[in-house]
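The values are calculated or read from the model by the stated rules, or taken from the named source; none is laboratory data. For clarity, every value in this text was computed on a predicted model and none was experimentally measured. Neighbour counts run over all protein chains shown; Cβ positions are idealised from the backbone, glycine included. Ligands, DNA and RNA are excluded from the accessible area calculation, which covers all protein heavy atoms including side chains. Shrake-Rupley method; radii C 1.70, N 1.55, O 1.52, S 1.80 Å.
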Amino acid sequence: MSQDLRTALRRLEAAGELIRLDAPLSWEYELAAVLWRLKDGPAVLFEDVTGYAVPVVGNLLNDRGKLATALGVGRDGLQDRVARGLREPVEPDLVPDGPCLEVSLDPLADLTDHFPVPRLSEHDAGRYISAGVLICRDPETGRRNAAICRLQIKGPGLVGVYMAPTHSRAILERHRGLGRRMEVAVALGLHPAVLVASQFLTPLDETWVAGGLFGEPLLMTPARTVDLEVPAFAEIVLEGLIDPAEEQPEGPFGEFPGTYAPERQNPVIRLSGVSSRRDPLFQMIVAGRHPEHLVTGAIAREAGLYEALRSVAPGVRAVRLTEGGACRFHAVIALDKRSDEEVGQVISRAFAEQDLLKHVVVVDADIDAADPVDVEWAIATRMRAHQDLVVEPGMKSNPVDPMAVGHTVSKLGIDATLPLDAKAAARYRVDVPPRVAAAIDARWDEIIGDRTQKAGRRQ
């Protein structure tokens, strides 16, 4: 089945983007330490986690290209393919049963009795599930919501949960207003496309968006103990209830800005069911500023911003959330602009679309938005500070932003585009003619011979 984690791993392995490690490693920091060392490297399947028979997989989304590989698509068209999930969502298909329910486990046992839940960062409050997609349903509209939420193991049958102030939290508040407990399911061990779909900031049901990414319906199956559906090919499924009136201390936890979210009172899930595939895989995402933690959310946020901006500026060619900006705070937008005023419209729409954004740089379409050197060059050669900066103080912030004061922050936009009436020579890049570069590329092996590895290829 093309929608499961195992298919994604096979595709990554065939492409040379996955390694298997059989050295014994501890769930306590060591798995995370290896993934930090390989943060820019391949996906990793840990085959020997001390004390457990369940393998652990990580680094599935530490770069955007791995999603392209897992989907079997070209890297150049990935952003548009991801945005298609929003443009052309596909309703899930409901099947009566699925591999995710093959094995039923005791929900009142400690989850760490069954699974190698890791400890990730030095000052985390405990062991965390970091790649679980929490599924719930709006009690008023019936709309399903799916989102990655951090889950702290609290004890037998009990899991602490942090829900960001987006749809999952709003749905919990509606349950609170109705005086009802909220049914939830957590799917763990998923195809990377399902993780990405869960990160869209959209009023759509994210399982429909996943179908749009796959180009076919996501297969869902009824959970055992709650009235929800879960991805049929998940590796592990947790089911339970959240009482909005019950909260317990959760955190600290190393979050994406590279700082620790402090201990706060947060909801807990009282488990009513735990299921898995036979011989399941456990999926983890290293927290903090590890590339997988950043990129998993960035892919969807970039595509969502790309779609929103193209509705006001059809010349938007690419959107990149930068790793230095924690893939949330800083955006680079490549624009083939129709007017000089269009840049300001793009900056304002970007800030309105995503409250985490603080710095937006707009560059011309000939600038590679994914290349920080190219972007800095555009700022250095195409920006006049007295007229090309936009400062917007007192704008809504996100609780995770360490610089927020009173739920507000100042935001900065940079117009690093050339004026439309700039002389043609201002757009020239100092280089040889493209036809000559292409001819040399075609003859490269002939010219360099067995010295290719030392000399490198023209990029």
Subject >> Members of region 105-146 that are crowded, with 17+ Cβ neighbours inside 10 Å, among the aliphatic types (A, V, I, L, M), touching a Leu at 6+ places or on another chain (Cβ under 8 Å) and outside any strand (DSSP E or B) >> reply: Leu111, Val117, Ala131
Original post:
Can you pull out the residues in region 332-353 that are of a type in the set (S, T, N, Q) and surrounded by 21 or more Cβ atoms within 10 Å (Cβ to Cβ)?
Top reply: none
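Let's see how each residue does on (1) within 23 Å of Pro372 (Cβ to Cβ); (2) without any contact (Cβ under 8 Å) to a residue 60 or more places away in the chain:
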site: Glu302; (1), (2): yes, no
site: Tyr306; (1), (2): yes, no
site: Leu309; (1), (2): yes, yes
site: Arg317; (1), (2): yes, yes
site: Gly324; (1), (2): yes, yes
site: Phe329; (1), (2): yes, no
site: Leu335; (1), (2): yes, no
site: Glu342; (1), (2): no, yes
site: Gln345; (1), (2): no, yes
**OP:** Say whether the condition of being open to solvent by less than 40 Å² (accessible area, probe 1.4 Å), modelled with pLDDT of 95 or more, closer than 20 Å to Phe200 by Cα and touching a strand residue (DSSP E or B) at 6+ places or on another chain (Cβ under 7 Å) is met by at least one residue in region 362-369.
**Re:** no
Original post:
Right, Ala424: more than 24 Å from Ala298 (Cβ to Cβ), without any contact (Cβ under 8 Å) to a residue 24 or more places away in the chain and either open to solvent by less than 30 Å² (accessible area, probe 1.4 Å) or β-branched (Val, Ile, Thr) (or both) or not?
Top reply: no
**OP:** Determine which member of the set Gly177, Gly211, Gly189 is over 24 Å from the mean Cα position of the chain (by Cα) and small (Gly, Ala, Ser).
**Re:** Gly177
**OP:** Tell me, please, whether a residue that is polar (S, T, N, Q), over 30 Å from Arg87 (Cα atoms), open to solvent by 10 Å² or more (accessible area, probe 1.4 Å) and at pLDDT 95 or above can be found in region 275-282.
**Re:** no
Original post:
Restricting attention to region 376-414, which residues are polar (S, T, N, Q) and open to solvent by less than 80 Å² (accessible area, probe 1.4 Å)?
Top reply: Thr381, Ser397, Asn398, Thr408, Ser410
